[in-house]
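The structure appears right after this line, and notes come after that.
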Amino acid sequence: MDIFDLTIHELHDELMHRRISSVEAARAMLERIKAVEPQVGSFITVTPERALADAAAADLRIGAGDAGVLTGIPLAFKDIFLTEGIRTTCGSRILNNFIPPYSATCYEKLKEQGVVLLGKLNQDEFAMGSSNESSAFGVTRNPWDTTRIPGGSSGGSAAAVAARQATAALGTDTGGSIRQPASHCGCVGLKPTYGRVSRYGVIAYASSLDQVGPLTRDVTDCAIMLGAIAGHDPGDSTSVNVPVPNYRAALAGGVKGLRIGLPKEYFISGLDPDVQKSMDAAIETYRRLGAEFVDISLPHTDYAVATYYLIATAEASSNLARYDGVRFGHRTEAAPGLLDMYTRSRSEGFGAEVKRRIMLGTYALSSGYYDAYYVKAQKVRTLIMQDFTAAFEAVDVMLTPVAPTPAFKIGEKVNDPLQMYLSDIFTIPVNLAGTCAMSIPAGFSAHGLPVGLQLIGKPFGEESILQTAYAFEQATEWHLRKAVIL
Ligand code: GLN
């Protein structure tokens, strides 16, 4: 087995037994990145010197007997996480030359554990998109079929894990941006409960929805990563002071007697037959393992996409006001006055999708329309939350598809924003409700494309969905299949 094929826990074993050094692991990953990057394009910035320096420091810690499970593990980060001294673009031309003066808390926490930084990963511009095509730094291709999108907005994160260019990665999820790319690339991706992970130093898209989470090769790695980044942070007042359980220790409990809800609104007739087939097989597997299924309803599901595109764009229009060529971001070369300078800097710096969202959000917040759009959307959001609270009285977790279809073709939806928005129909309600959910590999389409399964948990129910996911992983082999790139 090649070093780049190993999971976090496998590589940790190798490092502990001194069969591999962290420097060797870092070199293997950097070579792998070089070899497959021309086909995949997961990275915006690769940091080889930094990786080798981090790895040398990790080897010293391992030698001194001071290593944790993440010491010496090569990771990569979506380019939305501030990394001190290392360019951070958020996939936008407007931040083309931005070098942050400080780092995101989740990166700091991982750094303290001794991880190795391989680089910064491609993403949709400001995390707005479902295909990675809105990045100002070119498309990322799906490692399973390079004519297809990897999903978005954490498309680089999912592609890098699937192409074995990083042992694991971090992404963010505002409406599905961890789970949907994880599903399309055949990895494990978890969006934690709102407030579980600090967003300090994470570039804001829609602040009432954004969450940070891991993309990994298997469920054990996901539990390890979540445990490392979760917890209260005085730097982010929305991070909640709830104790962080030992997620890894919770994995093995099994699903006997577990009540799994099947929301009828998520099993629609338009579902791709390959996705439906994988869902049916997964339900069968869970039945065999002793879980019980309960038919449930989340009656306001139909309104979720519209509600999300009012709230997310409203918050984005406010968050993105700071890129004005003065406080942050690209400044135009020549402008006759201050107002022209703002307008031109923003016109030159932002891409088409970001501009569309700023316009939609500004409109929804404008006086005269505020009550009809923004306030109405907030009310519907409450109804959607109540749907989840009520349904969770009868079930422990929910099982649904992640996306209505497997990965679509590059270019297929770029000119039809509504079609693109609808690809997140099954992931968006979870962000509106503020609860946790994950995507795990659950099969392949007839064309060999990965299909993910979504497990939705109660607020702060990460242990329970991880346990449910682990039982499935133990009983199946989907997560062991590898994308063949070279
Ligand atoms: N695709 C959704 C959007 O474009 C979700 C993105 C995300 O979760 N960051 O807003």
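Each reported figure results from applying straightforward, stated rules to the coordinates on display, with no laboratory input. The shown structure was predicted, so the numbers you read here are calculated from the model rather than taken from an experiment. No Cβ is skipped: glycine too gets one built from the backbone with ideal geometry, and neighbour counts run over all protein chains shown.
Tabulated data
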{"quantity": "Of the DSSP H helices in the chain, those whose Cα atoms cover at least 18 Å axially and whose Kyte score averages -0.5 or more", "calculated": "22-40, 48-63, 304-319, 352-365, 376-391, 462-475"}
{"quantity": "Where only alpha carbons of the chain are counted, the Rg and the Dmax (Å)", "calculated": "21.2, 71"}
{"quantity": "Percent RCO, i.e. relative contact order, over the stretch 39-112, from Cα pairs under 8 Å lying at least 6 residues apart", "calculated": "21 percent"}
{"quantity": "Share of Cα-Cα pairs in the stretch 121-210 lying beyond 21 Å, as whole percent", "calculated": "23 percent"}
{"quantity": "Test item: Cα-centred dipole of the chain, Lys/Arg +1 and Asp/Glu -1 on Cβ, debye", "calculated": "460 debye"}
{"quantity": "By average C-beta atoms within 10 angstrom, highest first, the peptides 253-260, 208-215", "calculated": "208-215, 253-260"}
{"quantity": "Burial ranking of peptide ranges 279-285, 232-238 (average Cβ count within 10 Å, highest at the top)", "calculated": "279-285, 232-238"}
{"quantity": "Volume per residue that the Cα convex hull of the stretch 76-126 spans, once the total is divided by residue count, Å³", "calculated": "67 Å³"}
{"quantity": "Relative packing of 462-474, 3-15, which averages over residues the other C-beta atoms within 10 Å, highest first", "calculated": "462-474, 3-15"}
{"quantity": "Two-decimal log10 I(q)/I(0) for the stretch 147-260, as the Debye equation yields it once each C-alpha is a single scatterer, q = 0.15 Å⁻¹", "calculated": "-0.67"}
{"quantity": "Lys/Arg +1, Asp/Glu -1 at C-beta; the chain dipole; positive extreme among Leu209, Ile178, Pro299", "calculated": "Leu209"}
{"quantity": "Candidate lysines for bridging to Lys355, where Cα separation is under 27 Å - those fewer than 8 sequence places away on the same chain excluded", "calculated": "Lys78, Lys120, Lys191, Lys376, Lys379, Lys409, Lys413"}
